[in-house]
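Notes to accompany the following structure.
All of the numbers you see were taken from the coordinates with simple rules; none came from a lab. Quick caveat, the model's predicted, so the values are computed rather than measured. Here the Cβ positions follow ideal geometry from the backbone for every residue, glycine too, while neighbour counts run over all protein chains shown.
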Amino acid sequence: MDSAHRVHEREDRIYPGGGICRGRRPRPRPAVRRYITGMDINEFLDRPLVARVATAGPAVRPVWFIWEEGAFWWLTGAYSRLERDIAEDPRMALVVDTCEPATGEVFSVTCRGSAETVALDRARAVRKLGKYLGPVELWPARFSEPLEDPATKMVRFVPDHPPKLHDRSW
């Protein structure tokens, strides 16, 4: 049978804790990591993607971010314990990735580093929110109101090493 008409075998995988994954048998991964050469890391990080941030807890949370001046920036406030977590231990890990199941294309940026909570930089916060929500006139109030709250701050996360964009496609 030619490759255009190949039937994919299905495989049920059982994971610790009893989870089952039903789907196509994974293709073998390349032995070496591939770095993206055709896409600029800044171009990738300018896309409205969600980063997942892990603190020492570990606690993992999704965040909208902006990549500027060699750091990832996002908002925090009284609604979150993130400021307390950072004060206790500023070490963190972050991943930004994409996954296109139809094509098997997977890109990722993974970093470890330290974070600090800093005063709100309104202009930076507006750029960050604009990346995800478009023009400020179109934002729902729940996104613009925190910018007026004195408890709202920014997190500045600086990676230990310059981030690299990885191609983890299968």
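Give me the net charge of R91's neighbourhood, meaning all other residues with Cβ under 11 Å from the Cβ of R91; Lys, Arg count +1, Asp, Glu -1. Please report the intermediate quantities before stating the final value.
Numbers: positive: R112; negative: D85, E88, D89, D160.
Combined, the nearby Lys, Arg, Asp and Glu give -3.
By average Cβ neighbour count within 10 Å, what is the ranking of 124-131, 41-48 from highest down? Write out the running numbers ahead of the final one.
Numbers: 124-131: 17.5, 41-48: 13.5.
So the order, starting with the most tightly packed, is 124-131, 41-48.
Between A123 and N42, what is 0.36 nm times their sequence separation minus the Cα-Cα distance? Round to one decimal in nm. Intermediate values should be presented prior to the final figure.
On the way: separation 81, 0.36 × 81 = 29.16 nm, distance 1.92 nm.
Result: 27.2 nm gained on full extension.
Pop out the Kirkwood hydrodynamic radius of segment 116-170 from its pairwise C-alpha distances, inverse of mean 1/r, in Å to one decimal.
13.5 Å
Can you give the Rg/Rh ratio of segment 65-170, where Rg is from the C-alpha atoms and Rh is the Kirkwood radius?
Result for segment 65-170 is an Rg/Rh of 1.02.
R142 to R91: FRET efficiency via 1/(1 + (r/R0)^6), r the Cβ-Cβ distance, R0 22 Å, to the nearest 0.05?
Values: r = 31 Å, r/R0 = 1.39.
Efficiency at R0 = 22 Å is approximately 0.10.
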